[in-house]
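This report refers to the structure that appears directly beneath it.
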2 protein chains.
Amino acid sequence: MRRLYHHTLLPTARKVRLALHEKRLEFAEYAIEPWRRDDDLLGLNPSGELPVLVDDNETVVCDHGAICEYLDEVYPEAPLFGRSPASRAEARRLAAWFDEKFFREVTLHLAGEKLTRRVSANAAPDSRALKAGRENIHTHLQYIAWLTERRSWLAGEHITVADLSAAANLSLVDYTGDVPWNDHPLTKEWYVRVKSRPSFRCLLKDTVPGVPAAAAYADLDF
Amino acid sequence: MRRLYHHTLLPTARKVRLALHEKRLEFAEYAIEPWRRDDDLLGLNPSGELPVLVDDNETVVCDHGAICEYLDEVYPEAPLFGRSPASRAEARRLAAWFDEKFFREVTLHLAGEKLTRRVSANAAPDSRALKAGRENIHTHLQYIAWLTERRSWLAGEHITVADLSAAANLSLVDYTGDVPWNDHPLTKEWYVRVKSRPSFRCLLKDTVPGVPAAAAYADLDF
């Protein structure tokens, strides 16, 4: 059976779960706390990082980017990157934008402080970090609106890893109700479309111990 | 004419230059200082990040990972990722290892302090960072040795982006003579092979203003 080692607080692992569900691939989930040493995980991935996929044929694939590329090569149904080299480059550019830039400027400051710090160290969030995250998020939400005014999905006419990366990060910030949706109606419209996909159900069921989800987190009509 | 916007102090930009040379693709180089706002760059890449490739047909490709994938799709001669999905996954895993883990644990502490801080802010290196970089580098050099004892190149029987990522980072640390080659003879053997390739000549000619290269930097018989 295909296995995924992941953790709900990692946006890159959320992205990979979305990718597996978009491709309708079954998998068993193993949640591992990324802040603890785990010898089983180190046996699969010497870097100790999540997510790790072990495919049906026991091929071990490490690194979220490598996993998405691998899935698209081996299971081409429901393509995650687009068809032409230019559209594939655009999907990869935007996936990196959300995996790295959005993560560093927003996710880390909001979900990192309110969820990961709380669960891993039982510590209170740093108020300066929260302020920075709340300021930084607007530019990104505007950029999503700008893109979706011009295209059906972030990278073009079809859903790609760009949408999955963006939605995976946003879903974590949304868990604590920190996405100012009402200020960004076009971005909200795009998120409603992603959130309504069957692939997204897995994320909406996730809970973080000790931190209840905001009322609208699992609500498709928020 | 194909154009690459880059900077010599960015290992990911060094990797892309190696990739273009491995594929024997001609390109004009434009060096941009990553610590200054550059409106031309922002016009090409709204994230403001380097490297950016503008291909012959004016396709703009942003993000070092996306550029390498694009080059391999459009110019398949001299493949940079390997043939099977599993070997491609292995090349991507290791490229991410050096682009992210090695960069964070080693390059940033050594080249970041001795070169980038000096050139961008005329500041002296932080001695604690240097100490951390000098300690961290050993595990990575051992891992390269472990891999090359089992394979011709880092990810398998052919040179891939994994070798280019590793060598691009190491070349920056080597510029100031901070790679303890004599403690890691197998890793040195692999690096001699990479360094001797025609693609590597471009890096060996690079200079950092105000910081002369260590004597062995451009020496193929160091």
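The values are calculated or read from the model by the stated rules, or taken from the named source; none is laboratory data. Just so it is clear, the structure is predicted and the values come from calculations on it, not from any experiment. Don't worry about glycine lacking a Cβ; one is built from the backbone with ideal geometry, like all the others, and counts go over all protein chains shown.
Things to note:
- Looking across the stretch B:66-116 at every residue that is polar (S, T, N, Q) and farther than 26 Å from A:Arg83 by Cα, the one that is nearest to the chain's Cα centre (by Cα) is identified as B:Thr107.
- The requirement of being crowded, with 24+ Cβ neighbours inside 10 Å and either at pLDDT 95 or above or of a type in the set (S, T, N, Q) (or both) is not satisfied by A:Val74.
- Residues located in the stretch B:165-202, provided they are of a type in the set (A, V, I, L, M, F, W, C) and under 23 Å from B:Glu135 (Cα atoms): B:Ala166, B:Ala167, B:Ala168, B:Leu170, B:Leu172, B:Val173, B:Val179, B:Trp181, B:Leu186, B:Trp190, B:Val192
- Here A:Arg14 fits the description: within 24 Å of A:Thr207 (Cα to Cα), within 18 Å of the chain's Cα centre (by Cα) and either among the basic types (Lys, Arg) or part of a helix (DSSP H, G or I) (or both).
- Looking across the stretch A:157-173 at every residue that is away from every other protein chain (no Cβ under 14 Å) and outside any helix (DSSP H, G or I), the one that is surrounded by the fewest Cβ atoms within 10 Å (Cβ to Cβ) is identified as A:Glu157.
- Selection from the stretch B:174-200 of residues that are touching an Asp or Glu at 6+ places or on another chain (Cβ under 9 Å) and not in a helix (DSSP H, G or I): B:Arg197
- Number of residues in the stretch B:130-147 that are farther than 17 Å from B:Val192 by Cα and polar (S, T, N, Q): the value is 2.
- Scope the stretch B:59-83; condition without any contact (Cβ under 8 Å) to a residue 24 or more places away in the chain, on the phi < 0 side of the Ramachandran plot and facing chain A (nearest Cβ under 9 Å); matching residues: B:Thr59, B:Val60, B:Val61, B:Cys62, B:Ala66, B:Glu69, B:Tyr70, B:Glu73, B:Val74
- Within the stretch B:26-58, if we keep just the residues that are without any contact (Cβ under 8 Å) to a residue 40 or more places away in the chain and aliphatic (A, V, I, L, M), the residue that is farthest from the other protein chains (Cβ to nearest Cβ) turns out to be B:Ala31.
- Restricted to the stretch B:124-174, and to residues there that are under 12 Å from the mean Cα position of the chain (by Cα) and of a type outside the set (Gly, Ala, Ser), the residue that is farthest from B:Thr107 (Cα to Cα) is B:Val161.
- Any hit, the stretch B:182-205, residues being at positive phi and either modelled with pLDDT of 95 or more or assigned by TED's automatic domain parsing to the domain that holds B:Ser165 (or both): no
- Note on the stretch B:36-153: enclosed helices (runs of 4 or more DSSP H) holding 1 or more residues that are in contact with a helix residue (DSSP H, G or I) (Cβ under 7 Å, 6 or more places away or on another chain) and under 30 Å from A:Pro51 (Cβ atoms) are B:64-74, B:85-96, B:108-111, B:127-150.
- Residues of the stretch A:84-115 classified as free of Cβ contacts under 8 Å to residues at least 40 places away in the same chain and more than 10 Å from chain B (Cβ to nearest Cβ), total: 6
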